[in-house]
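Shown next, in structure tokens, is the structure this report addresses.
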Amino acid sequence: MAKRILVTGGAGFIGSHLCEALLRRGNEVLCMDNFFTGRKKNIYHLMDNKQFEVIRHDIVNPIYLEVDEVYNLACPASPVHYRFNPIKTVKTNVIGTINMLGLAKRVKARILQASTSEVYGDPQVHPQGEDYWGNVNPIGPRSCYDEGKRVAETLFFNYRNENNVDIRVVRIFNTYGPRMLENDGRVVSNFILQALKGEPITVYGDGFQTRSFCYVSDMVEGLIRMMEQTEDIGPINLGNPQEFSILELAERIIKLTGSKSKIEFRPLPKDDPARRKPDISRAKRVLGWEPEVDLETGLELTIEYFKRELELD
Ligand code: NAD
Ligand code: UDP
């Protein structure tokens, strides 16, 4: 049966792909965004769909809507943007999350939180399983985001325990694909744009730090499966367990773009996690989910997107 689904942060990178996938499944979708890092062009192509509605709203303010499900994605996700106004980032994660949980409580909607691998901080356990409590600097440059997301998880579980709200929590690991913002400093978009423009590829530190990159269509499938099942409320890790060093990523992007760009080493930002790789055995077991798009295929699709974007400029 078709549902009315609210996607906060729906005009953002992952949110816009999620709105598309939910519409394809025949649902009515309310996309809510304050357009801080979201863009209208991410959702233009959905505007003609009668099942789609856009609401310009900041989740830090309460709102009254009738919906069956809420995907709570509203929050700047890249270090550049979440540090732009760190107090606002905390407000979005705390006050905004309380507002969305309050809405879910009032209308008895199921609500899913887009949490993050950043709750593990600079992890001392590898790979990271859901039982690991993390290693987060509470006053560091990433703390507005990391601690904000940790409190958001706390709020989700307290609303469940105190008010019986039907929650789901996923911890998203590095995700990439078309519609990433060009200027948000994330590694995949940075390297692709630098390679396409023939600029130096800026590797921070020695480049031996690792990340595991999940293509956006795999992530969206995982989010929907998590919402739709009733066996496990989470937290569940979603991400691609294939681990690559940042240097390897740079070399692959240079090869795939045929770029003449050279690698340039820059200082490593403070509190930059040294290693990150999800243990996804719980997602495999509960959701029957694992990523299908390998790094090469996903990078090719993302490179095509950025090539088109550069031509349009
Ligand atoms: P994004 O910045 O593209 O999307 C976030 C969206 O939320 C944007 O459209 C932004 O305008 C909107 N937003 C921000 N603050 C808001 C507010 N107060 N009220 C209403 N809207 C607001 O980032 P993304 O990569 O699509 O991330 C989506 C979610 O997934 C975020 O919650 C992020 O923390 C989480 N996540 C993403 C990744 C990743 O690698 N992309 C990793 C871990 C977690
Ligand atoms: N990084 C890099 N060069 C860049 C951008 C990022 O070497 O131009 C590194 C960054 O230091 C980190 C990794 O790439 O080790 C991933 O960074 P990103 O900001 O994409 O994600 P996060 O650190 O939040 O996982």
Check your understanding: Say we look at segment 245-265 and pick out the residues that are free of Cβ contacts under 8 Å to residues at least 60 places away in the same chain and open to solvent by 60 Å² or more (accessible area, probe 1.4 Å); which of these is nearest to V119 (Cα to Cα)?
Key -> E248
Check your understanding: When only residues in segment 197-216 that are more than 10 Å from ligand 2 (Cβ to nearest atom) and surrounded by 18 or more Cβ atoms within 10 Å (Cβ to Cβ) count, which is farthest from K262 (Cα to Cα)?
Key -> V216
Practice item. For V125, work out the one condition from (1) of a type in the set (A, V, I, L, M); (2) more than 30 Å from K307 (Cα to Cα); (3) touching a residue at least 40 places away in the same chain (Cβ under 8 Å) it doesn't fulfil. Key: (3)
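Matching residues to (1) touching a residue at least 60 places away in the same chain (Cβ under 8 Å); (2) not in a helix (DSSP H, G or I):
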site	(1), (2)
Y132	no, yes
I139	no, yes
Y159	no, no
V169	yes, yes
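Quick one: which of L223, L268 is more than 19 Å from G134 (Cα to Cα) and surrounded by fewer than 19 Cβ atoms within 10 Å (Cβ to Cβ)?
None of the others qualify; the one that does is L268.
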Check your understanding: Is it the case that some residue within segment 175-184 is modelled with pLDDT under 95, among the charged types (D, E, K, R) and out of contact with any His (no Cβ under 6 Å at 6 or more places or on another chain)?
Key -> yes
Check your understanding: Which of the residues spanning segment 107-124 are open to solvent by 10 Å² or more (accessible area, probe 1.4 Å) and more than 10 Å from ligand 1 (Cβ to nearest atom)?
Key -> V107, K108, R110, D122, P123, Q124
Point to revise | Residue list for segment 184-230, filter: more than 15 Å from ligand 1 (Cβ to nearest atom) and among the aromatic types (F, W, Y) | key: Y204, F208
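Across segment 62-79, what is the total count of residues that are over 18 Å from L30 (Cβ atoms) and near ligand 1 (Cβ under 10 Å from one of its atoms)?
Looking only at that region, the number is 3.
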Practice item. Test L301 against the criterion of being part of a helix (DSSP H, G or I) and not basic (K, R), and give yes or no. Key: yes
Revision key, fill the gap. Across (1) within 16 Å of ligand 1 (Cβ to nearest atom); (2) within 25 Å of E69 (Cβ to Cβ); (3) of a type in the set (A, V, I, L, M, F, W, C); (4) open to solvent by 20 Å² or more (accessible area, probe 1.4 Å), I233 clears everything bar (1)
Point to revise | Conditions (1) over 20 Å from the mean Cα position of the chain (by Cα); (2) surrounded by 12 or more Cβ atoms within 10 Å (Cβ to Cβ); (3) at pLDDT 95 or above; number of the one not met by P291 | key: (1)
Review point. Which residues, taken from segment 6-32, are within 8 Å of ligand 1 (Cβ to nearest atom) and closer than 15 Å to D58 by Cβ?
Key: T8, G9, G10, A11, G12, G15, M32
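The values are calculated or read from the model by the stated rules, or taken from the named source; none is laboratory data. In this text, all values refer to a predicted model and were calculated from it rather than measured experimentally. Heads up, the Cβs are rebuilt from the backbone with ideal geometry, glycines too, and the neighbour counts pull from every protein chain shown. Remember, those area values only see protein heavy atoms, side chains included, never the ligands or the DNA or RNA. Shrake-Rupley method; radii C 1.70, N 1.55, O 1.52, S 1.80 Å.
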